[in-house]
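See structure below.
The values are calculated or read from the model by the stated rules, or taken from the named source; none is laboratory data. Bear in mind that the values here come from a model prediction, so they are computed numbers and not experimental data. Positions of Cβ are backbone-derived with ideal geometry, glycine not excepted, and every protein chain shown enters the neighbour counts.
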Amino acid sequence: MSWIDNSPVSVWERDQAVAAAAPGAPVAEPAMFREAMSRLGAAVHIITTSGQAGRAGFTATAVASVSDSPPTVLVCLNRKSQITPVMRENKVFCVNTLASSEEELANVFAGRTGVFMAERFMRGDWIALETGAPVLTNAIAALDCRVLEMKSVATHDIYFGEVAAIRLANAEKALVYHARAYKHV
């Protein structure tokens, strides 16, 4: 789930997505669904991109492995986010999995501090690997990806990225988001 836009989906948007998926099928109430999702613990990541459209990043927990042959991951981003056009044009991203010591940086990239777009990179130490997407030097794991495909589903874009390079840091506790709070695992 992306933290960029916490506003509820409009009834029209929800109805359109449901109608397209299964006309007449019952659908869970959005507030109850968000509550259920808050109870799923997930690693906290900063997703970054850089290219012709500029440099941007956001905090996300909606990241998953798709395949190891070729190495592929997916990342979800709300289409209402100001970062969406940048991700679409740049066609590269890096999944930076945060250590437990990076709560403040997670909040910066979640938009909770009033710091926006490229200014967010003034915090943390950043390098680049293969694609040019920013890599956080102390990320537990960084997956540098080229976009293979993008799908629009309901309110989000799902980016499938082929992993071009991997950087691993010293193992330490991970930052996890569960029950609307950070936890250290």
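Brief remarks follow.
- Filter pass, residue 118 being in contact (Cβ under 8 Å) with a residue 40 or more places away in the chain, out of contact with any Cys (no Cβ under 7 Å at 6 or more places or on another chain) and surrounded by fewer than 16 Cβ atoms within 10 Å (Cβ to Cβ): yes
- Every residue from the stretch 23-73 that is part of a loop (DSSP other than H, G, I, E, B), loosely packed, with under 15 Cβ neighbours inside 10 Å and polar (S, T, N, Q): 52, 69
- Among the residues making up the stretch 155-169, a single one is within 12 Å of residue 77 (Cβ to Cβ) and not in a strand (DSSP E or B): 155.
- Criterion: hydrophobic (A, V, I, L, M, F, W, C), over 18 Å from residue 134 (Cα atoms) and either modelled with pLDDT of 95 or more or over 17 Å from the mean Cα position of the chain (by Cα) (or both) - qualifying residue of 32, 37: 32
- Checked against (1) farther than 19 Å from residue 131 by Cα; (2) in a strand (DSSP E or B), residue 172 passes all but condition (2).
- Pair list, Cβ under 7 Å, 6 or more apart: the stretch 170-185 residue over 16 Å from residue 63 (Cβ atoms), other residue among the basic types (Lys, Arg) and loosely packed, with under 14 Cβ neighbours inside 10 Å: 179/39; 184/173
- Residue ID - modelled with the highest pLDDT, chosen from residues in the stretch 93-120 that are among the hydrophobic types (A, V, I, L, M, F, W, C) and over 26 Å from residue 185 (Cβ atoms): 115
- Among the residues of the stretch 85-101, just one is β-branched (Val, Ile, Thr) and under 18 Å from residue 119 (Cβ atoms), namely 86.
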